[in-house]
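Read the structure below first, then the notes.
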Amino acid sequence: MMLWTEPQGPHGDFGPIIPIGRSTRNASNPSTTRPEEITISEIRRLVVIGGDYANATCLAIHTYAGHATFKPGLPDREDHAIIYTGDREPSEQSILAEDGTMIVEELRRDSIRVISEREDPNGFLHPASRINYSKIYIVEKDAKVLNIGKVHNDSMGSLT
């Protein structure tokens, strides 16, 4: 888990955004860096999948504001998997379509179990947590991070 800052996209779609100067857990925090340019800072959860002597190669964990892969406009929905802490895998989420039919996520990738090494709330993943295989992040190894746990041995093969 680490603080991640990036430019706000053209649509400003970062999930719950709070006003400049206020803070709340698990929300995106906007700040102005230059006139008419806004960056978003948030706590980002990442899974290390490789690296070298100076950098870690990571995949991000998102809840998409609790929508899982049903976040409107989410590209590459099929490139996600459930990631969870605890002994029981959460169910795939479902939504009720406008015509009254139930739509289930139908994720193709195996779920990833994480063994938490923390007892506080930071050590547990929300049931809507999804690992995104379609976007790789490079993190310098000297970045300040909060370790929450390790991928369970039975899930290691699913990370490839």
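The values are calculated or read from the model by the stated rules, or taken from the named source; none is laboratory data. Source: prediction; values computed, not measured. Positions of Cβ are generated from backbone atoms using ideal geometry, with glycine treated the same way; all protein chains shown enter the neighbour counts. These accessible areas exclude ligands, DNA and RNA; they are computed on the full protein's heavy atoms, side chains included. Shrake-Rupley method; radii C 1.70, N 1.55, O 1.52, S 1.80 Å.
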Practice task
Check residue 119 against each of (1) in a loop (DSSP other than H, G, I, E, B); (2) in contact (Cβ under 8 Å) with a residue 24 or more places away in the chain; (3) of a type outside the set (Gly, Ala, Ser) and name the one condition it does not meet.
Solution key: (2)
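Every residue, every condition in (1) more than 16 Å from the chain's Cα centre (by Cα); (2) within 19 Å of residue 49 (Cβ to Cβ); (3) touching a residue at least 12 places away in the same chain (Cβ under 8 Å), yes or no:
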site	(1), (2), (3)
70	no, no, yes
80	no, yes, yes
84	no, yes, yes
105	yes, no, yes
131	no, yes, yes
138	no, yes, yes
146	no, yes, yes
150	no, yes, yes
153	yes, yes, no
Exercise for the section: Return yes or no: is residue 155 within 27 Å of residue 106 (Cβ to Cβ) and either in a strand (DSSP E or B) or open to solvent by 50 Å² or more (accessible area, probe 1.4 Å) (or both)? Expected result: no
Practice task
Looking for whichever is open to solvent by 40 Å² or more (accessible area, probe 1.4 Å) and at negative phi here; the options are 61, 112, 131, 136. Which one fits?
Solution key: 136
Practice task
Among the residues of the range 70-94, write down those that are among the β-branched types (Val, Ile, Thr) and in contact with an Asp or Glu (Cβ under 9 Å, 6 or more places away or on another chain).
Solution key: 82
Practice task
Report yes if some residue within the range 74-89 is loosely packed, with under 12 Cβ neighbours inside 10 Å, more than 24 Å from residue 43 (Cα to Cα) and at pLDDT 90 or above; otherwise report no.
Solution key: yes
Practice task
Kindly indicate whether any position in the range 50-64 is modelled with pLDDT of 85 or more, in a strand (DSSP E or B), closer than 25 Å to residue 120 by Cβ and over 14 Å from the mean Cα position of the chain (by Cα).
Solution key: yes
